[in-house]
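Novice: Sending over a structure as structure tokens; questions will come in a sec.
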Amino acid sequence: MPMRKPVIAGNWKMYKLLGEAVDTALALKPLVANANHCEVVIAPVFTALKTVADRLEGSNIGVAAQNCSTETAEGAHTGEVMATMLRDVGAKYVIVGHSERRQIYSETDAMVAAKCQAALAANLSVILCVGETLEQRDQGTAEAVVGRQLSGGLTGLTASDLDRIIVAYEPVWAIGTGRTATPEQAQEMHAFIRRVFAERYSNPSADAMRILYGGSVKPDNIAGLMSQADIDGALVGGASLQAESFAKIVNYKNGE
Ligand code: PEP
């Protein structure tokens, strides 16, 4: 079995003015300085990316953008930000296909695929989000939905692209609701996702894929989630906004 280095990523969504973002990032830095067991990532808003990335230079915290354009060349696309522009200001990762973008901004699987391709072309790693709604889970279609989102989002990607893809399974009913999937529920879907990669690519590709869980991850439930065989980290929203609580999640191994 390959060693999969866990990833603990904080999605700050549309929170924090520049000064607050810098303060949180600087407060986090010493709290996670010894966290060699995982990749630590934070995703501030676009306007804070460069300053936060600059202030974290040389630290073990990577910076992610929360979205990128489907476009790969400069042009008349008012309001869009291209993946190469994110890389230019210090982002190393980009979150693609978050359920808030799918639901509120009508992002389709085709757009998600185009964003993944744009991000990879710009040398960014992608955190590709998938996840079913409560209605879909209740109807018994959760795996079908996640399978469809995966095959849609991965369109055009070859096995050689996969080392810069990280999947985040985020059941929509668990995001920002305080209702976490049980470790067993999450494990079941993560194992399914890994099978999708095995069938689409190969067993080694599937074994190497990092699959994060997201949905009301907190300091008191991270250890249970991380104890599951196919859970390789977390994408954290609300609990990533404070340096202390996010650091506790990053340092889940110490039981701190
Ligand atoms: C998220 O925004 O990706 C998320 C999982 O949010 P929360 O942790 O607040 O549920």
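Novice: If Ala25 passes every condition in (1) out of contact with any Lys or Arg (no Cβ under 9 Å at 6 or more places or on another chain); (2) surrounded by 14 or more Cβ atoms within 10 Å (Cβ to Cβ); (3) small (Gly, Ala, Ser) but one, which one does it miss?
Specialist: It is condition (1) that Ala25 fails.
Novice: Give the residues of region 105-125 that are out of contact with any Asp or Glu (no Cβ under 9 Å at 6 or more places or on another chain) and closer than 20 Å to Leu212 by Cα, sorted by residue number.
Specialist: Asp109, Val112, Ala113, Ala119, Leu124
Novice: Determine which single condition Arg179 fails, assuming it passes every other condition in (1) outside any helix (DSSP H, G or I); (2) closer than 17 Å to Arg102 by Cα; (3) basic (Lys, Arg).
Specialist: Every listed condition holds for Arg179 apart from (2).
Novice: Assess whether Gln149 counts as being within 30 Å of Glu20 (Cα to Cα), among the polar types (S, T, N, Q) and within 16 Å of the ligand (Cβ to nearest atom).
Specialist: Working: within 30 Å of Glu20 (Cα to Cα): no; among the polar types (S, T, N, Q): yes; within 16 Å of the ligand (Cβ to nearest atom): yes.
Taking the combined requirement at face value, the residue does not satisfy it.
Novice: Something else now. When you check Ala191 against the structure, is it in contact with a helix residue (DSSP H, G or I) (Cβ under 9 Å, 6 or more places away or on another chain), over 23 Å from Val94 (Cα atoms), more than 15 Å from the ligand (Cβ to nearest atom) and not in a strand (DSSP E or B), yes or no?
Specialist: For Ala191, the condition - in contact with a helix residue (DSSP H, G or I) (Cβ under 9 Å, 6 or more places away or on another chain), over 23 Å from Val94 (Cα atoms), more than 15 Å from the ligand (Cβ to nearest atom) and not in a strand (DSSP E or B) - is not met.
Novice: Show the residue pairs that are 6+ apart or on different chains and have beta-carbon atoms under 7 Å apart, the first residue being within region 230-256 and within 16 Å of Ala181 (Cα to Cα), the second being part of a loop (DSSP other than H, G, I, E, B) and away from the ligand (no atom under 15 Å from the Cβ).
Specialist: Correct list of pairs: Asp232/Arg4; Asp232/Pro6; Gly233/Pro6; Gly233/Cys38.
Novice: Name the pairs whose Cβ atoms lie under 7 Å apart, with the first residue in region 187-207 and in contact (Cβ under 8 Å) with a residue 24 or more places away in the chain and within 14 Å of Ile165 (Cα to Cα), the second among the aromatic types (Phe, Trp, Tyr) and surrounded by 19 or more Cβ atoms within 10 Å (Cβ to Cβ), and 6 or more positions between them or separate chains?
Specialist: Once the first residue is in contact (Cβ under 8 Å) with a residue 24 or more places away in the chain and within 14 Å of Ile165 (Cα to Cα) and sits in region 187-207, its partners that are among the aromatic types (Phe, Trp, Tyr) and surrounded by 19 or more Cβ atoms within 10 Å (Cβ to Cβ) give Ile193/Tyr169; Ser205/Phe197.
Novice: Tell me whether region 61-76 contains one or more residues that are touching a strand residue (DSSP E or B) at 6+ places or on another chain (Cβ under 6 Å), more than 16 Å from the ligand (Cβ to nearest atom) and of a type outside the set (Val, Ile, Thr).
Specialist: Looking through region 61-76, at least one residue is touching a strand residue (DSSP E or B) at 6+ places or on another chain (Cβ under 6 Å), more than 16 Å from the ligand (Cβ to nearest atom) and of a type outside the set (Val, Ile, Thr).
Novice: Among the residues of region 195-241 satisfying the criterion of being assigned to a helix (DSSP H, G or I) and touching a Ser or Thr at 6+ places or on another chain (Cβ under 6 Å), which is nearest to Ala168 (Cα to Cα)?
Specialist: Going through the qualifying residues, I end up with Phe197.
Yes or no, residue by residue, for (1) of a type in the set (Gly, Ala, Ser); (2) surrounded by fewer than 21 Cβ atoms within 10 Å (Cβ to Cβ); (3) touching a Lys or Arg at 6+ places or on another chain (Cβ under 6 Å):
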{"position": "Thr78", "(1), (2), (3)": "no, yes, no"}
{"position": "Ala83", "(1), (2), (3)": "yes, no, no"}
{"position": "Tyr93", "(1), (2), (3)": "no, no, no"}
{"position": "Ala113", "(1), (2), (3)": "yes, no, no"}
{"position": "Glu132", "(1), (2), (3)": "no, no, no"}
{"position": "Arg137", "(1), (2), (3)": "no, yes, no"}
{"position": "Val145", "(1), (2), (3)": "no, yes, no"}
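Novice: Look at region 194-230 and say how many of its residues are closer than 17 Å to Leu150 by Cα and either among the acidic types (Asp, Glu) or within 16 Å of the ligand (Cβ to nearest atom) (or both).
Specialist: Of the residues in region 194-230, 8 are closer than 17 Å to Leu150 by Cα and either among the acidic types (Asp, Glu) or within 16 Å of the ligand (Cβ to nearest atom) (or both).
Novice: Would you mind stating whether Thr155 is modelled with pLDDT of 95 or more, in a loop (DSSP other than H, G, I, E, B) and among the polar types (S, T, N, Q)?
Specialist: For Thr155, the condition - modelled with pLDDT of 95 or more, in a loop (DSSP other than H, G, I, E, B) and among the polar types (S, T, N, Q) - is met.
The values are calculated or read from the model by the stated rules, or taken from the named source; none is laboratory data. Because the structure is predicted, anything quoted here is derived from the model rather than measured. A quick note on method: Cβ atoms are made from the backbone with ideal geometry, for glycine too, and the neighbour counts reach across all protein chains shown.
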